1. Determine the share of segment 292-450's accessible area contributed by carbon and sulfur atoms, expressed in whole percent, with a 1.4 angstrom probe.
2. Taking Cα atoms of segment 68-201, Rg/Rh with Kirkwood Rh, to two decimals?
3. Please give the helix 332-341 orientation as an angle from the longest Cα principal axis of the chain, in degrees from 0 to 90, rounded to the nearest 10.
4. Tell me the accessible surface of Thr291 in square angstrom (1.4 angstrom probe, heavy atoms of protein chains only), to the nearest ten.
5. Hey, got the dipole for segment 189-341? About the Cα centre, +1 on K and R Cβ, -1 on D and E Cβ, debye to the nearest 20?
6. Helix 91-100 sits at what angle to the longest principal axis of the chain, using alpha carbons and giving 0 to 90 degrees rounded to 10?
7. For the charge dipole of the chain, defined by +1 on Lys and Arg C-beta atoms and -1 on Asp and Glu C-beta atoms about the Cα centroid, which residue among Gln113, Val45, Gln224 has the Cα displaced farthest towards the positive pole?
8. Taking only Cα atoms, what is the 0 to 90° angle, nearest 10, from helix 220-230's long axis to the longest principal axis of the chain?
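The values are calculated or read from the model by the stated rules, or taken from the named source; none is laboratory data. Note that the structure is predicted; figures quoted are calculated from it, not measured. Positions of Cβ are generated from backbone atoms using ideal geometry, with glycine treated the same way; all protein chains shown enter the neighbour counts. Ligands, DNA and RNA are excluded from the accessible area calculation, which covers all protein heavy atoms including side chains. Shrake-Rupley method; radii C 1.70, N 1.55, O 1.52, S 1.80 Å.
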Amino acid sequence: MARTASLSGFPEWLPEERLVEQHVLDSLRRTFELHGFSSIETRAVETVGQLLRKGEIDKEVYGLSRLQDDDGEEGKGKHDPHALALHFDLTVPFARYVVENAGYLAFPFRRYQIQKVWRGERPQEGRAREFTQADIDVVGDGDLPFRYDVEIALVIAEALGALPIPDFRLRINNRKLAEGFYRGIGLDDTAGVLRSIDKLEKIGPDKVAELLRTELGATDEQAQAALKLAGIRTEDTSFVAQVRSLGVSNELLEEGLDELEQVIEAAVKRAPGKVIADLSIARGLDYYTGTVVETVLVGHEQLGSICSGGRYDALASKGNRKFPGVGLSIGVTRLVSRILSQDLAKASRSVPTAVLVALNADDTWGEAQDVATQLRSRGIATEVAAKAEKFGKQIKFADRRGIPFVWFTDDDGKHQVKDIRSGVQTDADPATWTPSDEDLHVQVTGVSPE
């Protein structure tokens with residue numbers, strides 16, 4: 001096969017890097033399932049109409065078509081709502097999945113989903129064109145108690161806390177709080193204000209104020225009031241008093257204040273130091289209706305949010321039935337890229353194999369396979385050498401592969417195993433010998449900063 005150039009934005013990990021990614025995925029699955037979330041997987045392809053129905057940017061969506069149509073078949077245009085495209089997140093396909101399977105699901109439905117998605121962004125660290133997301137959501141039929149907003153935040157704090165990553169903060173706001181405040185100061189285009197506030201960290205307060213004035217017709221006083229709200233950040237529920245000190249009265253504002261207070265109050269008790277009330281968090285997508293969350297790694301804020309989402313009350317509907325939900329999405333590829341680029345964690349070896357069974361002679365391959373079968377029956381990952389080279393070469397092969405143990409059987413059927421890291425060689429029985437827990441499976445551990 002001819003050598004091909006790598007494709008920017010489509011990461012491929014080396015084996016030892018993939019082990020780190022698998023550790024992250026396994027850890028997330030374990031936490032999600034401990035909290036009762038069921039795994040689902042949706043198709044990679046949706047119709048363009050389905051993907052763009054909430055106003056997402058179509059220039060980031062990858063269309064799907066065959067290189068050659070059947071005879072007489074006209075290809076669908078890229079804006080045809082029935083044309084096919086790859087999903088760019090897991091929320092939109094999940095909404096369709098809920099509607100199509102509503103008669104088979106028990107509500108509230110707790111789901112987690114770990115899959116690849118595709119998005120036509122400019123590749124850079126933290127942003128790929130093909131990447132893995134890990135989502136959790138709780139969806140109700142007709143209504144969904146607010147307590148799930150609190151629970152989702154706590155589950156994510158626990159899931160992230162189990163990963164080999166730096167300290168993190170869930171930055172939480174509430175769209176009701178923000179929208180009620182904007183209406184209270186006379187800015188009725190709340191969606192427009194939220195989109196402007198969402199740009200605060202990228203362009204700064206002065207340019208956001210200019211956007212509010214030029215695009216939404218805000219006065220200087222209204223723009224400054226919106227920025228004062230966005231400037232409130234607390235690690236406890238003291239944000240409530242700070243918001244009320246701004247002197248704005250609105251029923252929706254009060255509802256949002258109460259909901260955000262519940263989330264922060266629970267987090268202070270159950271996930272201390274991991275959650276803050278940050279009233280600058282807006283989330284640009286229109287389907288969010290309540291709690292909104294973005295998560296940053298402390299000291300790595302330039303990476304952007306590694307986990308985001310929130311409450312959506314009308315993302316999915318079927319006739320008169322509505323399916324409100326709340327969920328968060330972890331950018332697994334973004335996290336793993338940072339873990340690898342900053343050497344935040346390493347795998348203890350580059351292969352799953354714990355033991356290489358050496359060959360005395362080529363005609364002993366069958367007996368070596370019998371030894372390997374015994375070891376594998378007890379969960380010990382084992383390889384058998386392909387040919388009977390000198391033992392020194394077979395040991396070097398194991399060392400290059402990262403295999404910690406080499407197994408020898410002499411002509412009399414006596415077994416020994418050698419730890420090639422220490423050089424210690426001891427008698428062993430293939431029916432009973434087991435390595436230490438640390439050597440039985442690949443260990444992925446965080447690397448302490450120097």
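1. Details: 3820 of 7830 Å².
The value for segment 292-450 is 49 percent carbon and sulfur by accessible area.
2. Details: Rg = 19.7 Å, Rh = 19.1 Å.
Here the Rg-to-Rh quotient is 1.03.
3. 60 degrees
4. Here the accessible area works out near 10 Å².
5. Values: 18 positive and 22 negative charges, 151 e Å.
Dipole size: approximately 720 debye.
6. Between the helix axis and the principal axis of the chain, the angle is about 90 degrees.
7. Of the options given, the answer is Gln224.
8. Orientation of helix 220-230: about 30 degrees from the principal axis.
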